[in-house]
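The values are calculated or read from the model by the stated rules, or taken from the named source; none is laboratory data. Bear in mind that the values here come from a model prediction, so they are computed numbers and not experimental data. Neighbour counts run over all protein chains shown; Cβ positions are idealised from the backbone, glycine included. These accessible areas exclude ligands, DNA and RNA; they are computed on the full protein's heavy atoms, side chains included. Shrake-Rupley method; radii C 1.70, N 1.55, O 1.52, S 1.80 Å.
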Amino acid sequence: MSSVKLKHSSGNGTIINGPVANPSADITLKVPSTTGTAGQVLKVASANHSATNAELEWGTGSSNEFAKVKLDGTTNSSKAAGDFWYQSSDGKFYFAGTATGAWSTGGSIASARGIGSGNGTLYAGLITSGWQGSSYLTSVEEYNGTSWSSKTSCSTASYGPFSIGSTTATLKYGGYTGSYIKTSEEYDGSAWSAGGSCIATVGMSPCGAGTQTAGLSIGGRSGSSTYLASCEKYDGASWSSTASLSGNRYNMSSGGTQTAAISAGGYDGSTRVNTTEEFDGTAWSAGGNMAAGKNSATMGGVQLNFIVSNGNTNSANWTNTTELYNGTTWSAGPTAIYSLSATLSGGGGGNCFTGGGVDASAYRTYGQEFETTIDTMLKAEVI
Amino acid sequence: MIYVITENSGKRFIPKMRTFTVTAYPGDVYVLEDSRAAKIWADDQILFNNGKIVTKAEAQAAIDKAFDNRQSIPPEIAGMPSPTKPVL
């Protein structure tokens, strides 16, 4: 094997050897015409590349060289819990921790209550109406992720309405005023006005999904022993019938959009159900079952990332247990701070807030927050 | 376990980034695991939130009192199980 020794002035040097094995033919390697930039690697250019010829160039390496790899060894095109990846923009490795989330206390509401409605997200939420132990409420409070502020009261004093939408475009419908009602009210962030009345008397604790102009009402209770399976869509002005749930129930946990909604749990008049149903805008289909039937629970999220916590079961009036839905299956989540039922709650994908609720003693002013955590637990410089 | 009677002071009263377990009960009773991080939280309640560390019996007595004075649930709410007093 021939070699070339490039000697240092003190005597030793760098030796460049010929190939370790005899090539089938002479090969030609052409070096770059520049010195490149710091951090670049020398790689084979695609131009003029053959079995006997290669032009070398400076580059950052192929994307596959640092492909994101999940801890189970498979690659994945999106960042999610359990992923480990190289981020070329800052030259660091990242690890996304398991996204189970955590509960903490949030700001306390001004008016203790339960059995009201909540909508919006952890960072912009609204609670409306309810019951504080002796009377029906019209009061409204808004959450900014830190503290609550009083807002314009709605017109109808009730408990058990349901509300959907954002803090500046809310639709509230149904409820119990001493009578089961089907009227709705719309809120624009400063004032309430009458909305269209539901077709059926959705009454006490229907649930729902969507927005003020593309809403979905699900089930409800229109009499002391009359539970509903019927569902209706709202277009911002009027309601129309759509496909019904598989069974009669009220007080479910629900969320999502008018065309991708989820309804889980609830009470059917004899038992707290643990089933989940998913709506695609046209029809309902069965989803995974929760570990336990749960009624009057805390809820938040969307069809592919939904949380149910608190609430009552067939054996307990107040719980702090949490279940998380990924669009297919439920898994146990961290326990809530308080054991409560009938909280006023809302949330977006991966987050949830509660205000109020009732425990073994009283209607509360407690606020709770749940937020999914994606932790960058590992950051390592490439050296 | 550490038994603390203290009042919920709102946001971050029980912080998200905590390293101890806590279970809340009526009567403003909080039961913590017996750890250094939990003791720090309990001491903060004493110092800054008029809280106090109590015995298990004292905590249970506070729960009993709160339960005995509980507010009623509207009779129209269907099918609630009989209320059960939390026992430590």
Query raised in the report: Of (1) within 14 Å of another protein chain (Cβ to nearest Cβ); (2) among the hydroxyl-bearing types (Ser, Thr, Tyr); (3) closer than 22 Å to A:SER111 by Cα; (4) open to solvent by less than 20 Å² (accessible area, probe 1.4 Å), A:THR365 satisfies all except one. Which?
Result: (4)
Report task. Would you be able to tell me the number of residues in segment A:345-361 that are under 14 Å from A:GLY255 (Cα atoms) and outside any loop (DSSP other than H, G, I, E, B)? Result -> 5
Query - Residue satisfying condition, being polar (S, T, N, Q), at pLDDT below 95 and within 22 Å of the chain's Cα centre (by Cα), within set A:SER117, A:SER166, A:SER135 - result: A:SER166
Query raised in the report: Residue check: is B:THR19 without any contact (Cβ under 8 Å) to a residue 12 or more places away in the chain and of a type in the set (Val, Ile, Thr)?
Result: no
Query raised in the report: How many of the residues in segment A:253-273 are within 14 Å of chain B (Cβ to nearest Cβ) and open to solvent by 10 Å² or more (accessible area, probe 1.4 Å)?
Result: 7
Query - Hits in segment B:1-32 (condition: more than 9 Å from chain A (Cβ to nearest Cβ), outside any loop (DSSP other than H, G, I, E, B) and of a type in the set (Val, Ile, Thr)) - result: B:ILE2, B:VAL4, B:ILE5, B:VAL29, B:VAL31
Query raised in the report: Can you name the residue in segment A:178-233 that is part of a loop (DSSP other than H, G, I, E, B), of a type in the set (A, V, I, L, M, F, W, C) and touching a strand residue (DSSP E or B) at 6+ places or on another chain (Cβ under 6 Å) and, of all such residues, is most open to solvent (accessible area, probe 1.4 Å)?
Result: A:ILE199
Requested in this report: Among the residues of segment B:34-68, write down those that are assigned to a loop (DSSP other than H, G, I, E, B) and either open to solvent by less than 70 Å² (accessible area, probe 1.4 Å) or touching a Gly at 6+ places or on another chain (Cβ under 9 Å) (or both).
Outcome: B:SER35, B:ASN49, B:GLY51
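Being buried (at least 21 other Cβ atoms within 10 Å of the Cβ), more than 17 Å from the chain's Cα centre (by Cα) and more than 14 Å from every other protein chain (Cβ to nearest Cβ), is that true of even one residue in segment A:333-346?
Yes, there is a match, as at least one residue in segment A:333-346 is buried (at least 21 other Cβ atoms within 10 Å of the Cβ), more than 17 Å from the chain's Cα centre (by Cα) and more than 14 Å from every other protein chain (Cβ to nearest Cβ).
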Report summary line: Considering segment A:321-331, residues that are in a loop (DSSP other than H, G, I, E, B), open to solvent by 30 Å² or more (accessible area, probe 1.4 Å) and touching a strand residue (DSSP E or B) at 6+ places or on another chain (Cβ under 9 Å), and then whichever is farthest from the other protein chains (Cβ to nearest Cβ), we arrive at A:ASN326
Requested in this report: Run A:THR14 past the list (1) part of a loop (DSSP other than H, G, I, E, B); (2) loosely packed, with under 10 Cβ neighbours inside 10 Å; (3) not small (Gly, Ala, Ser) and report the number of the one that doesn't hold.
Outcome: (1)
Query - Only one of A:LYS5, A:LYS68, A:LYS43 that is open to solvent by less than 60 Å² (accessible area, probe 1.4 Å) and at pLDDT below 85 - result: A:LYS68
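Might you let me know whether segment A:155-173 holds any residue that is within 19 Å of A:THR354 (Cβ to Cβ), among the β-branched types (Val, Ile, Thr), touching a residue at least 12 places away in the same chain (Cβ under 8 Å) and within 11 Å of chain B (Cβ to nearest Cβ)?
no
Does B:ILE5 satisfy the criteria of being over 21 Å from A:PHE370 (Cβ atoms) and within 11 Å of the chain's Cα centre (by Cα)?
Yes; evaluated as a whole, the condition is true for this residue.
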**Report entry** So B:GLN71, is it surrounded by 15 or more Cβ atoms within 10 Å (Cβ to Cβ) and either assigned to a loop (DSSP other than H, G, I, E, B) or facing chain A (nearest Cβ under 8 Å) (or both)
**Finding:** yes
Query raised in the report: What number of residues within segment A:220-243 are closer than 25 Å to A:ALA342 by Cβ and over 25 Å from the mean Cα position of the chain (by Cα)?
Result: 10
Query raised in the report: Residues of segment A:291-315 being over 17 Å from the mean Cα position of the chain (by Cα) and either among the small types (Gly, Ala, Ser) or open to solvent by less than 60 Å² (accessible area, probe 1.4 Å) (or both), which ones?
Result: A:ALA291, A:ALA292, A:GLY293, A:LYS294, A:ASN295, A:SER296, A:ASN310, A:GLY311, A:ASN312, A:THR313, A:SER315
Query raised in the report: List pairs: first in segment A:273-286 and assigned to a loop (DSSP other than H, G, I, E, B), second open to solvent by 50 Å² or more (accessible area, probe 1.4 Å) and of a type in the set (S, T, N, Q), Cβ under 8 Å, 6+ apart or cross-chain?
Result: A:ASN274/A:ASN289; A:THR275/A:SER246; A:THR275/A:ASN289; A:ASP280/A:THR259; A:GLY281/A:THR259
**Report entry** Qualifying residue in segment A:274-287 (condition: open to solvent by 20 Å² or more (accessible area, probe 1.4 Å), of a type in the set (Ser, Thr, Tyr) and more than 27 Å from A:GLU186 (Cα to Cα))
**Finding:** yes
